[in-house]
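The values are calculated or read from the model by the stated rules, or taken from the named source; none is laboratory data. None of these values were measured; they are calculated from a predicted model. As a convention, Cβ positions derive from the backbone with ideal geometry for all residues, glycine included, and neighbour counts pool all protein chains shown.
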There are 2 protein chains.
Amino acid sequence: MNYVKPSAIRELLRLGADPEIISFGGGYPDASLFPLEQLNEVYQRAITEKGRDSLQYTVSNGTPRLREQIARRMNLDGIDCNADNVLVLQGGQQGLDLVSKMVVDRGDIIITESPTFLGALIAFNPYEPRYIDVEMDDDGMKMDDLERVLEQNPEAKLLYTVPDFQNPSGVTMSLERRKRLIELANEYDLIVLEDSPYRELRFSGEPVPPLKSMDTEGRVIFLGSFSKILAPGLRLGWAVASHELIQQLGLLKLAADTQCSTLNMSAVSLYLDTYDIDAHIASIRTAYRTKKDLMLETIRREFPASIRFTEPSGGMFTWLTFPEGFDAGAFMRQKAVPEGKVAYVPGAPFFPVNQRANHARVSYSTQSDAGIVKGIETLARLLKAAI
Amino acid sequence: MNYVKPSAIRELLRLGADPEIISFGGGYPDASLFPLEQLNEVYQRAITEKGRDSLQYTVSNGTPRLREQIARRMNLDGIDCNADNVLVLQGGQQGLDLVSKMVVDRGDIIITESPTFLGALIAFNPYEPRYIDVEMDDDGMKMDDLERVLEQNPEAKLLYTVPDFQNPSGVTMSLERRKRLIELANEYDLIVLEDSPYRELRFSGEPVPPLKSMDTEGRVIFLGSFSKILAPGLRLGWAVASHELIQQLGLLKLAADTQCSTLNMSAVSLYLDTYDIDAHIASIRTAYRTKKDLMLETIRREFPASIRFTEPSGGMFTWLTFPEGFDAGAFMRQKAVPEGKVAYVPGAPFFPVNQRANHARVSYSTQSDAGIVKGIETLARLLKAAI
């Protein structure tokens, strides 16, 4: 392919880096939650105790120990797998690239949620797919709409979903819909790409089983990540799939970048062996739940009633729906940033087909409590004047 | 694309991991040369002094500081560039993937040396190019043969070369040929991919200027790597190219895996700020030169005269040419490994077009002095009986 679309993400990163701006834009984790002391300890051990291995090449699918540790964690989440079903990736993002490289030829159909994760569209675009999107509500992708799409497009190859606390909407797919999705995937011979980097950041209620745990035909590829539960600067994520698909993806991984950083894999293995990551995740969950509660409470109190918002039970995002005709992108450029010094992500780029201007993704993950209140109050004031 | 070729590299890695086997197979650096103490120090600083940045997301093209440091090193090598001309990559291998993703559509011609780097073919294959290879001699790619290829295939898009101490042949392209290559690239509007991970491992003589330093039209993409001069487990390499090409490649990098590990980039920046990497590289060069001298001396003394070998002035490899009709792959499987417990890389997979069986790549980089002598003596004994 020859042409690449400039990325909307870059503009957001630029705004996020301006210290004058209260940014609800980035999907960054809160850096104050990184376990620095423990990571320092395991990097020292990885280098001083076994540096000749930790700094050398290793097998391209990932170190056997880390794949085994990931498989065990997946088992606890109801997914039947072992180390041979795991491919260690350069973050979940690499899974989006490699799966589309494996599955998609130019013009092939990818089915997504509407809206869907912008980073996935950026990964898929170079393979020049055709997108068809499926409506969502508070229970996730609507199965009657998916069924209609599949009846009209039975040749579709890949279905992409973020079922837990979706980026951008914060919505989680219900158990009933997950079951139906698997039935339809079996009927229409779809590969299902289940992208779930926020899954472990649940604030309340019971986890809904992953699609992969219901997959009896080896057609679901699960993507997970250490970015949101440990640190994104390590660039470590993983895919879990059938042995056959992992072999294919592993060869594409070898072709794309040989392997992930041996040192980072070794250090994370030592971390998992030495420390209680679930206790660490519990502390992250508490921190984000507090921020989420504060943001939603402030929105509820301050925003005009005509603006709807989702109530995430985990993750980092709420999704705003403004009245029809409202342009969230223009409002941000003309009012929110210059007058209020507040930024969010306008919703339009998250729609792969018909972009709707009256949405915004708002993240509570990195702002202080004071920043959340001030930013939402400021937005509310400007919105009241505009709507 | 749907199909991936199983990789010859995997079989080699398996043999390399068997402690009974003296392996001249892998292109691994010698792990005893890794600067463990210094790396331990810079990782500690990266985590304890600025862990909230080092473990967070950063800009997808790579941290500004590391790009600046790389640009300065490239300046010293005669390449006119600044940080905006640099893209930090997940090892040089990722450059092979992203450049072919940018340039190559199915059926497009890639021109390579004959033989060429196997990892490059593995990276290019998913984009389904057509290969045309160009003969080499002791001065590298033959320009009269390249001219013939271009006359016959003026639509060729990409020329791939490893001009310094080539993997697999150990050969370096002469200055005169480099100048002619640039003339031909300008005449035929080629993108030139200059892959030079071994460039700084020169044993003797003066460096030949990089192709990129002679590029007046922004058509050369230079790939470098920290894998051979620091440690491959960090997975850090770089591309240097025109600002326009770096922007395109940067968007593909964002799509493929968001960014390289922030922590690894931060630690390498601190290493470059704190320590003298050129002194470190000088010590690596001395170690490899000693191993190379010992191996070539032993080959000269022990091998049948009918076997030719290249005399590398840097890097990690010599390339054997056996008499016509000799099958280096069969000999390794039937004699060298089972009887002699010695492995190398049979040469056939390094040829993108007509695979020739009577070659082998032999690496001296990881074996002890005793291993080099014993392995070569054993091979010589078995070869004398077979040829």
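Of the listed requirements (1) surrounded by fewer than 24 Cβ atoms within 10 Å (Cβ to Cβ); (2) at pLDDT 95 or above, B:Asn354 misses just one: (2).
B:Leu249 - would you say it is aliphatic (A, V, I, L, M) and farther than 30 Å from A:Leu249 by Cα?
On the way: aliphatic (A, V, I, L, M): yes; farther than 30 Å from A:Leu249 by Cα: no.
No, not satisfied.
Of the residues making up region B:165-189, those that are within 22 Å of the chain's Cα centre (by Cα), among the hydroxyl-bearing types (Ser, Thr, Tyr) and surrounded by fewer than 21 Cβ atoms within 10 Å (Cβ to Cβ) number 1. Among the residues of region B:359-387, those that are part of a loop (DSSP other than H, G, I, E, B) and crowded, with 17+ Cβ neighbours inside 10 Å comprise B:Tyr364, B:Ser365, B:Thr366, B:Gln367. Of the strands (runs of 3 or more DSSP E) lying entirely inside region A:24-137, those containing at least 1 residues that are over 20 Å from the mean Cα position of the chain (by Cα) and under 24 Å from B:Ser100 (Cα atoms) are A:109-114, A:130-137.
Of all residues in region B:258-288, exactly one satisfies the criterion of being within 12 Å of chain A (Cβ to nearest Cβ) and farther than 25 Å from A:Gln44 by Cα, namely B:Thr258. Residues of region B:312-328 include at least one that is assigned to a helix (DSSP H, G or I) and either hydroxyl-bearing (Ser, Thr, Tyr) or at pLDDT 95 or above (or both).
Among the residues examined, B:Val162 does not qualify as surrounded by 24 or more Cβ atoms within 10 Å (Cβ to Cβ), over 30 Å from B:Gly250 (Cα atoms) and touching an Asp or Glu at 6+ places or on another chain (Cβ under 7 Å). Would you mind stating whether B:Phe222 is aromatic (Phe, Trp, Tyr) and either within 19 Å of the chain's Cα centre (by Cα) or farther than 27 Å from B:Ser363 by Cβ (or both)? Yes; evaluated as a whole, the condition is true for this residue.
Please go through region B:211-231 and pick out each residue that is outside any loop (DSSP other than H, G, I, E, B), out of contact with any Phe, Trp or Tyr (no Cβ under 8 Å at 6 or more places or on another chain) and either modelled with pLDDT under 95 or under 30 Å from B:Ser261 (Cβ atoms) (or both). Result: B:Ser213, B:Val220, B:Ile221, B:Phe222.
Yes or no, residue by residue, for (1) surrounded by fewer than 22 Cβ atoms within 10 Å (Cβ to Cβ); (2) over 29 Å from A:Gly62 (Cβ atoms); (3) within 14 Å of chain A (Cβ to nearest Cβ):
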residue	(1), (2), (3)
B:Pro197	no, no, yes
B:Glu206	yes, yes, no
B:Ser213	yes, yes, no
B:Gly224	no, no, no
B:Ser227	no, no, yes
B:Gly233	no, no, yes
B:Trp238	no, no, yes
B:Ala256	no, no, yes
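Taken over region B:57-93, the criterion of being over 20 Å from B:Ser269 (Cα atoms) and within 12 Å of another protein chain (Cβ to nearest Cβ) is satisfied by B:Gln93 alone. Here region B:111-139 is the region considered, the condition is being aliphatic (A, V, I, L, M) and within 14 Å of another protein chain (Cβ to nearest Cβ), and the residue that is surrounded by the most Cβ atoms within 10 Å (Cβ to Cβ) is B:Ala120.
A count restricted to region A:171-185 and to residues that are among the acidic types (Asp, Glu) and in a loop (DSSP other than H, G, I, E, B) stands at 0. Taking region A:250-268 as the range and being touching a strand residue (DSSP E or B) at 6+ places or on another chain (Cβ under 9 Å) and part of a helix (DSSP H, G or I) as the test, the residues that pass are A:Gly250, A:Lys253, A:Asp257, A:Met265. B:Phe350 falls short on exactly one of the conditions (1) out of contact with any Phe, Trp or Tyr (no Cβ under 7 Å at 6 or more places or on another chain); (2) in contact (Cβ under 8 Å) with a residue 40 or more places away in the chain; (3) closer than 18 Å to B:Asp18 by Cβ, and that condition is (3).
So for region A:140-153 (the condition being within 28 Å of B:Ser60 (Cα to Cα) and surrounded by fewer than 22 Cβ atoms within 10 Å (Cβ to Cβ)), does at least one residue qualify?
Taking region A:140-153 first, the residues within 28 Å of B:Ser60 (Cα to Cα) are none.
The answer is no; no qualifying residue exists.
Scanning region B:294-308 for residues that are assigned to a helix (DSSP H, G or I) and surrounded by 13 or more Cβ atoms within 10 Å (Cβ to Cβ) gives B:Leu294, B:Met295, B:Leu296, B:Glu297, B:Thr298, B:Ile299, B:Glu302.
Just to be sure I understand the filter: pairs with C-beta atoms under 8 Å, separated by 6 or more residues or on different chains, first member in region B:144-170 and assigned to a helix (DSSP H, G or I), second member small (Gly, Ala, Ser). Which pairs pass? That search, which allows pairs on different chains as well, returns B:Val149/B:Ala156; B:Leu150/B:Ala156.
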